[in-house]
Every structure is written in C-alpha cells, then in structure tokens.
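A short write-up of the structure that comes next.
The values are calculated or read from the model by the stated rules, or taken from the named source; none is laboratory data. Small disclaimer: the values here were computed from a predicted structure and weren't measured. Positions of Cβ are backbone-derived with ideal geometry, glycine not excepted, and every protein chain shown enters the neighbour counts. The protein model used for the area step is the full one, side chains on, heavy atoms only, and it has no ligands, DNA or RNA in it. Shrake-Rupley method; radii C 1.70, N 1.55, O 1.52, S 1.80 Å.
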Amino acid sequence: MRKNRLRLVGALAALLVAAGIGAGPPAQARHEPPTLADLAQRHGRYFGSATDNPELVDEPYKALLGSEFDQITPGNGMKWYATEPQQGVFDFAKGDEIVDLARARHQKVRGHTLVWHSQLPGWVTGREWTAPELRAVLKKHIQTEVRHYRGKIYAWDVVNEAFNEDGTYRETVFYKTLGPGYIADALRWAHQADPKARLYLNDYNVEAIGPKSDAYYRLAKELRAQGVPLHGFGLQTHLALQYGYPTTLEDNLRRFSRLGLDTALTEVDVRMQLPVTEEKLAQQADWYRDMTEACLAVRRCVGITVWDYTDKYSWIPAVFPGEGAALPWDEQLRPKPAYFALREALK
Ligand code: XIL
C-alpha cells in the first residue's frame, strides 16, 4: 500500500517535471549557458551594465538586462540635473525606478554620480557662489541623495572626472570655488550618509599608466594616509580602436590594489570608426577579452560594467559622430564577437 502510494507520488513528480511545473528550474533552462554574471561570480566578480530609464519600455532589452548581469548603473538617472533640478527640490523617481528593478533581480547598484562638472542643473552653473555657499549646496546634495539610497547602493562614484589629461585638477566650479579639498569633503560627507557604501573616484583615460592615472594614484595615496573614506578607483574604460589598447592596464590596476583600494572597470565600451568590418569586430573582441583578463588577474578588481550592453542604446553615436558599434550586443540585441570573447575570458 505504502509502496504503491510512493510509486504514485514518484510518477506524479515525473509528470510535473516533464510538464515544467516542478520546484526546480524549467527543463529547458538547465541547458541554457551560464550568463556573464554567473561566469564572473565564479571569480568573485560582478558583471554589470548601465541602463537608462527611457529604454525600460523595451521588453526584450529589459529581459536580457535582468538575466545576463548582476550589477546595474543608472546611466543618467542619479546625476545632479536629474536628482536636484531646482535648489533644494529633490527628485529620485528615475533613480528609484532603476534601483527597484535591480533589487527585484538581486543585482548590485553602482550609484553614478554625486559630484561632476557635467550635466549639472542650471541653478548650479548659472551664478557665482561664495565658498561657504557652494560648500553647503554640495554637502546637502551629496547627503540628501546618499541618504535616500542608504543601504541600497553597493558603490558610489562620489567624484567623477576630477583631473585633466596632464594630471592637473580640472577647473570645475567646485575646484575653483572650494579648492582641491572638495574631494576629501565629498567623500567624508558621503560616508556619513551611508557608512557601508564603497566610495569611488572615477574617470576616463586612466586605464594606462600616465599623467592622469598618476594624479589619481598620488591623490588616492594621500587621501588614504589622511584616513579619508576612499575605497575604490573606477576606470571608465571608454576605449576607441583608433587610439590603441592601454597595455599597462593590469599594472595600473595592481598599483591601486596595493594602496588598499578596490578597482573596477565602470563604463566599458570599445568604439570604432564606422562602417563596421569583420576585422574591427575581431579586434574589439580581443580588447574586451584582454581587459577582462587584466581585471581577473588583479585580486581587488571587483567587477566590470559595460556602458549599456547593446549598440541600440549606446551613447557613442550621439557624442562621437561617425563612431559606434562599441558594445558586446548589436542593435538587434544579437551577441557580437565581443560577447563570446567576454565569455571565453571569464571561463
Ligand atoms: C553619458 C550618458 O550615457 C549619456 O546618455 C548622456 O547624454 C551623457 O553622459 N562618462 C560618464 C557618464 O561618467 O556619466 C557619461 O554618460 C559617459 C561618459
């Protein structure tokens, strides 16, 4: 009797599994290849993508964004113009939409960005400030935003693009009004507002060792020595085939690790002059592979984020006329050679 009932239960379970109704994953999911996030996790890294609010109505796009990645960065939604469009009037709707989506998929969020000279609202750029005025404005902006997202943000790009190519400070409104100390202040204010978030400085053209990355190296060393809460250095990694690959990337990552900092490739894309050719796609794939291997070779390189994952939503064509095709998926959401190169590097 008991034996028969067990047999019946067994047969029923087999039926349910065959119909794809079991407790485990549906039958065909078991044969799906691991995602970039799965592969990265085996190395203790994340693999992320930027996204932007207008794209979230595109369901096939959204499906891949939710399945292939374990980290998300809002491409615009957390910038100053979006979050404090008028002085003291905060709007977190765009950032919230992306944070909610990411949390539902158990994806980490990188907050981008608190202090930057670009995409500032008119009320910040359209007048003169005394140092005490701007200090108060900056502190309030940082702390209101970081507090709003407290506990939900894995890492913040606290200051973005603070240096010029030659390693001198960029003459932003913050630098000109407050002096270089605005960077340490920004980090301290952010840390007060969310003590668990990892705090980063972030910039482009810092992948190779050179005057600009040297400036960050010196600053990071100084800030760490002073006990300022700096935890990471973000290398945007907006590369272009026509300018050559930054061959010192791995050594560069390693020297920041030795300072006790995390590093991350935060906004990766590899653009090319159009038209696309097989050769360019192959070279692009090599670069994606090489940068991934560089990150994996350095213990404290914690993850890689592509600056959106499909050419359909890349920022490149709008900003670099005649260039594009920078991402691992094409405009039809089909994987390109770069995608397979990423998989290989992460295997
Ligand atoms: C870009 C966005 O992707 C675009 O949609 C926007 O129009 C301009 O900014 N470095 C950064 C990012 O730190 O914030 C920029 O994002 C790309 C360059």
Name every residue in segment 222-244 that is within 14 Å of L187 (Cβ to Cβ) and open to solvent by 10 Å² or more (accessible area, probe 1.4 Å), in order of residue number.
-> E222, R224, A225, Q226, G227, P229, H231
Being open to solvent by 20 Å² or more (accessible area, probe 1.4 Å) and of a type in the set (S, T, N, Q) is the filter; apply it to segment 54-99 and report the residue that is nearest to V268 (Cα to Cα).
-> N76
For segment 315-328, the count of residues that are under 16 Å from A50 (Cβ atoms) and either open to solvent by 10 Å² or more (accessible area, probe 1.4 Å) or modelled with pLDDT under 95 (or both) equals 4
How many residues of segment 222-276 are within 16 Å of the ligand (Cβ to nearest atom), in contact with a Gly (Cβ under 6 Å, 6 or more places away or on another chain) and among the acidic types (D, E)? The answer is 0
Can we say L101 is aliphatic (A, V, I, L, M) and within 16 Å of the ligand (Cβ to nearest atom)?
-> no
Would you call A208 in contact with a helix residue (DSSP H, G or I) (Cβ under 7 Å, 6 or more places away or on another chain), away from the ligand (no atom under 16 Å from the Cβ) and not in a loop (DSSP other than H, G, I, E, B)?
-> no
Which condition number in (1) within 18 Å of the chain's Cα centre (by Cα); (2) within 16 Å of the ligand (Cβ to nearest atom); (3) in a helix (DSSP H, G or I) is the one that W156 fails?
-> (3)
Restricting segment 165-204 to residues that are assigned to a loop (DSSP other than H, G, I, E, B) and within 15 Å of the ligand (Cβ to nearest atom), the one most open to solvent (accessible area, probe 1.4 Å) turns out to be E165
Selection count, segment 136-164, where residues are surrounded by 17 or more Cβ atoms within 10 Å (Cβ to Cβ), out of contact with any helix residue (DSSP H, G or I) (no Cβ under 9 Å at 6 or more places or on another chain) and among the small types (G, A, S) = 1
Inside segment 261-302, the number of residues satisfying the requirement of being out of contact with any Leu (no Cβ under 8 Å at 6 or more places or on another chain) and open to solvent by less than 20 Å² (accessible area, probe 1.4 Å) is 3
So E133 clears everything in (1) within 14 Å of the ligand (Cβ to nearest atom); (2) open to solvent by 70 Å² or more (accessible area, probe 1.4 Å); (3) not aromatic (F, W, Y) except one condition, right? Which one?
-> (1)
So which residues in segment 245-260 are open to solvent by less than 30 Å² (accessible area, probe 1.4 Å) and over 16 Å from T292 (Cβ atoms)?
-> F256, S257, G260
Flag if K139 is touching a residue at least 40 places away in the same chain (Cβ under 8 Å) and within 16 Å of the ligand (Cβ to nearest atom) | no
Could you name every one of the helices (runs of 4 or more DSSP H) located completely within segment 49-145 that has at least 2 residues being under 16 Å from the mean Cα position of the chain (by Cα) and under 21 Å from D308 (Cα atoms)?
-> 59-68, 93-104
